[in-house]
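To keep things clear, I will list the structure first and then write my remarks on it.
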């Protein structure tokens, strides 16, 4: 049994061991092992040539990683917190996602950008953002969000081996709060495959990251009322596993999407658009989103109001079910 | 390299209108000396109490400023009333020196909306969390004031790590071009969490970075409150005379963990920390005041107890007052909220009421 952050650490050990071109870099990733200890032990085992403490410059980390990738390395960059990645968005949008196209397909930008993300941990300002929409919106970039330790390991390993750049968003609320079996040694969870986290018949709850837990808790609450919810854990936001989502909604006829990020143009909007395009005749009610609000993430003493809760998801399910 | 504080007094990397260094800068009379002591003592008491409260689960993660009181109090004291301060999280409590209620800063670290202060009230900008991103803000503020014909200056605090960030360099670029009346105070405490300044920059001195932007720089002992005061006063004089920005590298040594969530035992040199603590700024200043005969026996301890009592009283207020309604998150996000935000606000208020 491992925690989610231990699974991340495990993946990094395995991939650094397997492929000498994998190179971890970020702020405080070396001697300290990262502020969440995700990179603990890497410098001791592989040396600072493979796990490097960078200066405090996120655009520099990712920009340098672009050059490292051009030179044949597979950089795995850590952003210390979600909202600290914003200076690097420039590099992600202008270079990381475009280099392949710019070079007529000649350049393989095998680069991973991983970061702790999301709220719910009583942290100061700008330690709780959910920036996935910025990343999925950048063409050329893939995005994954694990919700279990096994997926955290398997998705990160797959991301490191992927020929395209991948952003790995690790829900920090789950870093130490969930434990699970994690396969030893090499372990891959293919990008682009969602998972049915729990089966059901009456409504599909579509979630990712820390919101999978909220969806599962809602499912349990609904069961007490005699309603059966299926929970889909998207795992990869881009490429989105349309088949798994559509198959579930075809069965249940109802969909509630749960996302922690603000609502407008959040990833839930993309899922809702998919259902409008490809499942309109399967739907028995409106597709609803339960999301963070369109306001800056609030002071942590009131963050529970901001975050989607079982109560809010249940209320959305009630509205969809009562629609008919 | 971090020079030890014993090696650094003051060295001008770009010539300024230099004054002789003396233990008591011109213009500081006895009451100012004690005022500085009062300021440092209040910052110290806040910090020690905050660390204790965090340990008791009464504050969230807290960024410690123990040992930085000299540079904060010294620089602040040099400002004119209308000048603004742009703090990083390391200077979270600096507003206390301008009359900000202690309750406000405690509330910020408790993650309470009441900690979201009005910067116009004391001329203290809101705490900047993302490293170095507020440097251009201070430059723009100072520039904007001058464009309006005011002689307001800005003082911005940032750490050694911040000098690696793009925003820092872009801020200095602008400061140099528009000759903004801004004082750029770099708190070089030797560490960015676990990264020593030797791994942070290839520059021999962080102050050298200013030269590239045409900005004069001065290096001071950040543990010497009077040296920091004097350097800041000179910088402000230049700024108000229309001579533009000054970079001050205040050198000290981080004698506490980065924040309460840190594990410094994994990376720091405990012996060095212990040595540095022997030379910490408040004790040093009290020794000087006693030598000058302005601090009576028992006065320092009495003042510390008064400061601690003030922080305790503020904490009692913070913990007993009713929470701010959660709808504040909607009310403060927009001047004219989109309709969706208003609907969410109504939903939340109704749920809050039903609960």
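What follows draws every value from the coordinates through simple rules; no lab data is involved. Please read all numbers here as calculations on a predicted model, not as lab measurements. Because the Cβ atoms are built from the backbone with ideal geometry, glycine has one as well, and the counts that use them run over all protein chains shown.
Relative contact order (percent) for the stretch A:200-324, with alpha-carbon contacts under 8 angstrom and 6 or more residues of separation? Intermediate values should be presented prior to the final figure.
Details: 212 pairs, mean separation 35.0, N = 125.
Averaging sequence separation for qualifying contacts and normalising by length gives 28 percent for the stretch A:200-324.
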Practice task
Please report, to two decimal places, log10 I(q)/I(0) for the stretch A:182-313 at q = 0.21 Å⁻¹ as given by the Debye formula with identical point scatterers on the Cα atoms and no solvent.
Solution key: -1.24
Exercise for the section: Would you mind computing the Rg to Rh ratio of the stretch A:122-261 from its alpha-carbon coordinates, Kirkwood style for Rh? Expected result: 0.97
Exercise for the section: Calculate, in nm to one decimal, what residue A:90 and residue A:223 gain on full extension: separation in residues at 0.36 nm each, minus their alpha carbon distance. Expected result: 43.3 nm
Completion exercise
Put in order of increasing Cβ neighbours within 10 Å, starting from the fewest, A:186, B:103 give A:186, B:103
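Output the Kirkwood hydrodynamic radius of chain A, Cα pairs only, in Å rounded to one decimal. Present the calculation step by step, with values, prior to reporting the outcome.
Details: mean 1/r = 0.0504 Å⁻¹.
About 19.9 Å for chain A.
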Problem - Nearest 10 degrees, 0 to 90: helix A:211-224 Cα axis against chain A principal axis - result: 20 degrees
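Is the shape of the stretch B:102-153 best called rounded, prolate or oblate, per the rule: a/c under 1.5 gives rounded, else a/b larger than b/c gives prolate, else oblate, with a ≥ b ≥ c the square roots of the Cα gyration tensor eigenvalues? Display every interim value, and only then the final one.
Numbers: a/c = 4.02, a/b = 1.85, b/c = 2.17.
It comes out oblate by the Cα gyration axes.
Looking at the stretch B:21-137, what % of the alpha carbon pairs are farther apart than 26 Å?
The answer is 20 percent, as a whole percent.
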Problem - Of every Cα-Cα pair in the stretch A:5-159, the percent that sits beyond 20 Å - result: 47 percent
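How would you rank B:215, B:248, going from fewest to most other Cβ atoms within 10 Å of each one's own Cβ? Show your work: numbers first, answer last.
Working: B:215 22, B:248 28.
Least to most surrounded, the residues fall as B:215, B:248.
Which whole-number percent gives the relative contact order of chain A, counting Cα pairs below 8 Å spaced six or more residues apart?
Details: 742 pairs, mean separation 50.4, N = 324.
For chain A, the relative contact order is 16 percent.
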Exercise for the section: Measure nothing fancy, just the Cα-based angle from helix A:267-278's long axis to the longest principal axis of chain A, in degrees from 0 to 90, nearest 10. Expected result: 60 degrees
Completion exercise
Dimensionless Rg/Rh of the stretch A:268-324, both radii on Cα and Rh by Kirkwood, sits at 1.07
Problem - Prolate/oblate/rounded call for the stretch B:262-355, Cα gyration tensor, a/c under 1.5 rounded - result: prolate
Exercise for the section: With everything on Cα atoms, drop me the angle between helix A:149-161 and the longest principal axis of chain A, reported from 0 to 90° to the nearest 10. Expected result: 50 degrees
Practice task
Find, to one decimal place in angstroms, the Kirkwood hydrodynamic radius of the stretch A:4-57, where the mean of 1/r is taken over every pair of different Cα atoms and then inverted.
Solution key: 10.8 Å
Practice task
Would you compute, for the Cα atoms of the stretch B:159-288, the largest minus smallest coordinate along each principal axis and list the three values in descending order, in whole Å?
Solution key: 45, 37, 25
Exercise for the section: Please state, to two decimals, what the Cα-based radius of gyration of the stretch B:92-238 comes to when divided by 2.2 N^0.38 Å (N = residues). Expected result: 1.07
Practice task
Taking every Cα atom in the stretch B:201-259, find the radius of gyration and the maximum pairwise distance Dmax, and write them in Å.
Solution key: 13.0, 40
Practice task
Please quote Rg/Rh for the stretch A:78-178 to two decimal places, taking the Kirkwood radius as Rh and restricting both calculations to Cα atoms.
Solution key: 0.99
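Where does chain B land on Rg(C-alpha)/(2.2 N^0.38 Å)?
Values: Rg = 20.8 Å, N = 355, 2.2 N^0.38 = 20.5 Å.
It is 1.01.
Among B:169, B:65, which comes first, then next, by fewest other beta-carbon atoms within 10 Å?
On the way: B:169 18, B:65 25.
If I rank by nearby Cβ atoms, fewest first, I get B:169, B:65.
When 1/r is averaged over all different Cα pairs and the result inverted, which Kirkwood radius in Å belongs to the protein assembly as shown?
On the way: mean 1/r = 0.0374 Å⁻¹.
It works out to 26.8 Å.
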